[in-house]
Structures are given as structure tokens and as C-alpha cells.
1. Spot the failing condition for Pro272; the list is (1) touching a helix residue (DSSP H, G or I) at 6+ places or on another chain (Cβ under 8 Å); (2) within 17 Å of Asp427 (Cβ to Cβ); (3) within 13 Å of ligand 2 (Cβ to nearest atom), and only one is missed.
2. Every residue in region 330-349 that is surrounded by 22 or more Cβ atoms within 10 Å (Cβ to Cβ) and more than 30 Å from Tyr393 (Cα to Cα), please.
3. If you scan region 167-205, which residues turn out to be assigned to a loop (DSSP other than H, G, I, E, B), among the β-branched types (Val, Ile, Thr) and within 12 Å of ligand 3 (Cβ to nearest atom)?
4. Return the residues of region 213-261 that are under 27 Å from Asp300 (Cβ atoms), aliphatic (A, V, I, L, M) and assigned to a helix (DSSP H, G or I); say none if nothing qualifies.
5. From the list Val58, Val16, which one is touching a Phe, Trp or Tyr at 6+ places or on another chain (Cβ under 8 Å), within 16 Å of ligand 1 (Cβ to nearest atom) and on the phi < 0 side of the Ramachandran plot?
6. Restrict the check to region 321-336 and report whether at least one residue is of a type in the set (Asp, Glu) and within 13 Å of ligand 1 (Cβ to nearest atom).
7. For region 262-373, which fully contained helices (runs of 4 or more DSSP H) count at least 2 residues that are within 16 Å of ligand 3 (Cβ to nearest atom) and in contact with a Cys (Cβ under 7 Å, 6 or more places away or on another chain)?
8. Given Thr9, Thr104, which one is closer than 30 Å to Asn251 by Cα, touching a Gly at 6+ places or on another chain (Cβ under 7 Å) and surrounded by 14 or more Cβ atoms within 10 Å (Cβ to Cβ)?
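What follows is calculated from the coordinates using simple rules that are stated; it is not laboratory data. What you are looking at is a predicted structure, and each value in this text was computed from that prediction instead of being measured. Positions of Cβ are backbone-derived with ideal geometry, glycine not excepted, and every protein chain shown enters the neighbour counts.
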Amino acid sequence: MSKKLCIETVGCQMNVLDSELVVGSLRRQGYSLTTEPTEADVILFNTCSVRQHAEDKVYSALGRLREHKRRHPHKVIGVLGCMAQKDQELIRQRAPHVDIVCGTGQLARLPELIAAVKRDGSFQLAVSLDRHEASRPEVERSFESYDPLRDPTVRPSPFQAYVRIMIGCDKFCTYCIVPSVRGPEQSRHPEHIAAEVRQLADEGCKEITFLGQTVNSWKHDFGDGRRWRLADLLLHIHDTPGIERIKFLTNFPRDMSDDLLDAVRDLPKVCPYLHVPAQSGCNEVLKRMKRLYTVEFYRDMLARCRERIPGVAISSDFIVGFCGESEASFARTCELVRTAGFKNSYIFKYSPRPGTKADELFADDVPEEVKKRRNNDLLAIQNAVSLADHRRYIGRTVEVLVEGRSKTSLKHPDEDVPQLTGRTVTDHIVVFPGPDRWAGRTVRVAIEEATAFTLFGTVVEEPNGSGAGPRRVSLPTV
Ligand code: SAH
Ligand code: SF4
Ligand code: F3S
């Protein structure tokens, strides 16, 4: 009888990729996937610590499984990822029915940890980050031994894939837990990245997204005088046959160098879309956040992006209610969002994280009610900007890489002509009618309607038979 695995994933793209790799390795051990925790032999939670809310959700899900585990003691429950890294033994204290706590640096060991629990029921804790050994070759090997284990059948989409080009973060923004749960910044070797991209392309993948907490800080020193940065890496992998689109996430504003912007402009497969979180529009707040730039610098950076890359779309993240954020500080953030022309912004209420500098040094002095109001107000401003941005596309024709059925059509499997969804090179979501077989193809869609989040239209050029869509032909001009 086949063994069943249920995995729930929260958090960022890194976690989505980690879960894909975990599922891939367990499938090779004979596991099949189920979405129903009570049907599974192994129940895993791949967790996030970036805000308290993300942790609370996992602890309550674990609480709901306590009785189930009492009745079925042979079932294995594991907590993986960032919260495992941060809370370690504490998880076992709060949820004694957890069998495995496996941090972000040890996920490759999961099959072995599960086997150990099955053997004698012993609790397994694996949380080493190899922190002090990051420069040793065997650590690079352990990083490498894991990522290439891809399995196209477990990716959310067979023609889109994340590729990790670095791990960790050295920036230590004062509010952020990521550097302590993901360890020091370490760039992956360009040849290993290139090999993985080739492998993905051979498997039919058309779009790759390079991942890194500060992806534009990627660098590699060959030791012979050659020093590569992200622009060089993009050029190096650009001509991989089969790859049509290349994206990268998340950019740190200070490292948005001109050579990178020129690479985005000049390399036709690299999408003119940049996610560059600003976090705040107030210099005092940015200083307390230790973001290492001013609003003026950020605005100049935006202007450089727009000047060098015609038609570029830019998105951002903001934290509202950070320690000491006055009404005047918040007004400056509103002003930035009103005028910066972001395609969209992700807005978060500040959540103090034990172990961070901000939690140690500053009082969490903005009341929850005020955080909520600022969140809503900023969201309303961004939505108006997003609507204006989306409406500019009405009457234009855009290229869309089709991802599959839209959320609404997924609920109606018998529809004759379903609504499909996909994205433009600028990361705009487009919904239009078309047959399921177009998934993975590139189509040209005339845009007729727009909301703040979605463009709607009709296909004007059907995909060719090979499934290899045309290269980018027309960039929307602003
Ligand atoms: N490495 C990326 C993303 C880090 S986490 C970057 O540097 O931008 C994703 C987002 O979560 C951050 O951009 C920030 O807006 C938000 N975030 C991080 N820590 C937070 C905290 N303590 N409270 C609220 N939001 C937070
Ligand atoms: Fe966190 Fe800052 Fe690193 Fe992003 S750059 S992961 S916000 S510490
Ligand atoms: Fe969360 Fe870890 Fe990502 S804390 S945001 S899952 S790196």
C-alpha cells in the first residue's frame, strides 16, 4: 500500500521551493500526496516566522492534530522551515505530539529523520545552519546535493520553476527574522545554477524565477580575477534553449546597479518586472529599520529603473506601524505610494519578532487599531494607483504565458470554454476565455477591461502548434 504525505506550506517563494524539493525526495521513497491531513501517514508543516500571525496559524493547526496523533501514534508529524529554525525545542514543549523539528538547513535529511521516527518513535531535532562553516566546500556540496533533485510532476506548474541562486541574508534589517532563520548570505556557483536551468528546460520548463532574499546582491568570485554579479549570471544562462522568460526576486534597493538594469533592458528573455521593497517612505523610519537608504535614494533608483528599462513594472513591500512611526511618518509613506506608480504593493502590519534588533531596542508603540487603519489607508491608496496602472493596458495587446484555469473556472470543471489565467512579462495577471490545452503556451491578448488586480481580454493570436510561444515582441509603453 502506498504511503501518504500531506504538506502544508506557508511563507515566501523560498518555502514553496523547499516544499517542492521535500515532496520530490519523499516521492522517490514511495510517498503519494494527499491534501487531507487525517489520511496521511506523514504530516508536514513548512513554516514561516516573518510575522506572529504565520506562526499562530501553524500552532493552531498542530493543536487540531493532537487528538488524531493520540489515536494514531504511528503517524509522523513534522515541523519544517523557518519556525522550526527559530523555535527549535520550544515547538516540542508547545506541541509534544510533534515527532520532527527540521530547520531550513537540514531539509535534505528529512527522509532519514522520518525513517528514524518510524524505527523507534524517537523525537528528531535537526536545526544546524552550518553557520560557521559557510565557506567550506562540503557545505556548498550539501547545498548543491539538494536543489538539483527536481521533480516536474510536483511543481505547481510544469512550465514554471523557482531556482535558488542564494541562501540566507546578511542585511539584518532591524525588524526581520529572516537572517537568523535562513543563516548567512551565500551565493550559489553559477555553473550549478546553469546546470539546473538546463535541466529544468529539458523537462519542459519555460519560465524560471531566480530566488534570493536579496537576489540582486548575488555574486561569485572565480578566484582568477573574474567577479560576476547578477547581470553576468543572467547573460550566462540567457540563451538556454527552451527557456522563454527569466525573472528574479527580491531586490534590495541599494544593490539595484545600472549594469543589472541594462541587462534587464538588453536581454529579451529577462522580464521587465522588478520587485524592490521600499518598506517605508520616511527617512527616520528607514534609519530605525536599518534599510541603508533614504527615500530620496529610493526615488532616484526608481527613476533610473524607468529611464533605463522602457515599460518596466515595479512592485514593493511596506511595513506600517513600525516602532516610532508617527502620523507624519506614515503620511510620507502614503505620499511615496501615491506618486511612485507601483504596479502593486504588499502591505504588512509590523509584528515584533523576538531575537531581532527592533524588538530589543524599540518599543512596539503603535497600537494595533492604528496599524490596522494605516494598513487599510495605504492599501486604498495603492489600489487606486494599481487601477490606474492596469487601466493603461486597455486597448493594448499583450503577450501572456498561460498558467491554466482561472480560480473561478477551477470551480466549474464542466465549462465548455473556461476562463484561463496567465501573466504578462510585466507580471500583470490576465484572464481570458480559451481551451485548457493552451496551458504553458504564449498567446496574444487584447485587453478590454481592468480592475486593480486583473486585466481581462480576448485572444487575438492563438499559440502555434509547438507550444513554444513567440519571444517578447511589443513592450507596453507608458
Ligand atoms: N528579503 C525580502 C523579503 C523579506 S520578508 C526583502 O528584503 O524585501 C517579506 C516582507 O515581509 C518584507 O519585505 C517586509 O515588508 C515584511 N516583513 C518582514 N519582517 C516583518 C515584520 N517583523 N513585521 C511585518 N512585516 C515584516
Ligand atoms: Fe529581511 Fe532585510 Fe534581509 Fe529582506 S533584506 S530578508 S527584509 S533582513
Ligand atoms: Fe517566512 Fe522564512 Fe520566507 S520566515 S518569509 S518563509 S524565509
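1. Every listed condition holds for Pro272 apart from (3).
2. Phe330
3. Ile177 - this is the single residue of region 167-205 that is assigned to a loop (DSSP other than H, G, I, E, B), among the β-branched types (Val, Ile, Thr) and within 12 Å of ligand 3 (Cβ to nearest atom).
4. So in region 213-261, the residues under 27 Å from Asp300 (Cβ atoms) come out as 213-219, 227-235, 246-261.
Imposing the further condition that a residue be aliphatic (A, V, I, L, M) reduces the set to 215, 230-231, 233-235, 246, 249, 256, 260-261.
Correct list: Val215, Leu230, Ala231, Leu233, Leu234, Leu235, Leu260, Leu261.
5. Sole residue among the options that is touching a Phe, Trp or Tyr at 6+ places or on another chain (Cβ under 8 Å), within 16 Å of ligand 1 (Cβ to nearest atom) and on the phi < 0 side of the Ramachandran plot: Val16.
6. The answer is yes; a qualifying residue exists.
7. Fully inside region 262-373 and qualifying: nothing.
8. Within the list Thr9, Thr104, the selection yields Thr104.
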